[in-house]
Amino acid sequence: MTTPSDTQTMILSRAATRPGNLALPLPEGLVGAAAKMVVGKMIARGWLEEVEANLRRSEPMWRETGDGHGTTLIATEAGLEAIGIEPVVASAVANVRKARPQPEPVQMPCDSETVKPVAIRAGTKQAQIIAMLQRPEGATVAEIVAATGWLAHTVRGSISGALKKKLGLPIATEKVEGRGTVYKLP
């Protein structure tokens, strides 16, 4: 497998921390022909994908298509795996973008640069919980408590706060006879 260069790693790392894995804006100083060359290689390797930009959400444009629309760049599962983000976490984030459109952002009077995007790191308890929820049988709070060593209220708070609200993951619940409430990622 080809390893990404320092510039490519920087682009993918920044994309991993942005909502929807947006790869734009590119690092400062990477413009013109150099940007086209780097992005072209990353698209050819399957690390970046060019998708239609949602201008209502103010997504940055990579290029205009000529029909009044534009495209933006997102990091793919393969791109995130190339920089060491677990495939389970990468697929969860990628599936969320494909599954449902993100809600329109609410315009706040504060400075938009003060909001920090959320990053999912490989090998963390959060990544472990996401992997458990992606299993066909899902996971109960007791199973997650056993796997992470957290208390039950911490697990419930992580599911509702970090996973549902911050990451926007569509977590479903269902009552199962003998197990109790089971949480699943579709």
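Okay, here's what the table says:
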item	result
Centroid-to-centroid separation of region 133-154 and region 7-56 [C-alpha atoms, Å]	35
With eigenvalues of the C-alpha gyration tensor scaled by 5 and rooted, region 6-85, Å	19, 14, 11
Dipole of region 123-184, positive end: most advanced residue of Val155, Thr181, Leu167 [Cβ charges, Cα centre]	Leu167
Ordering of 138-151, 69-82 by packing [mean C-beta count within 10 Å, highest first]	69-82, 138-151
Cα-centred dipole magnitude for region 134-186, charges only on beta-carbon of K, R (+1) and D, E (-1), debye, nearest 20	240
Sequence-distant residues sharing a close amide H with Arg63 (under 5 Å, placed H)	Thr71
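Every read-out reported here was derived from the displayed coordinates using simple, explicitly stated rules and does not represent laboratory data. Fair warning: this is a prediction, and the values are worked out from it, not measured in the lab. When we count neighbours, we look across all protein chains shown, and the Cβ atoms used for this are built from the backbone with ideal geometry, even at glycine.
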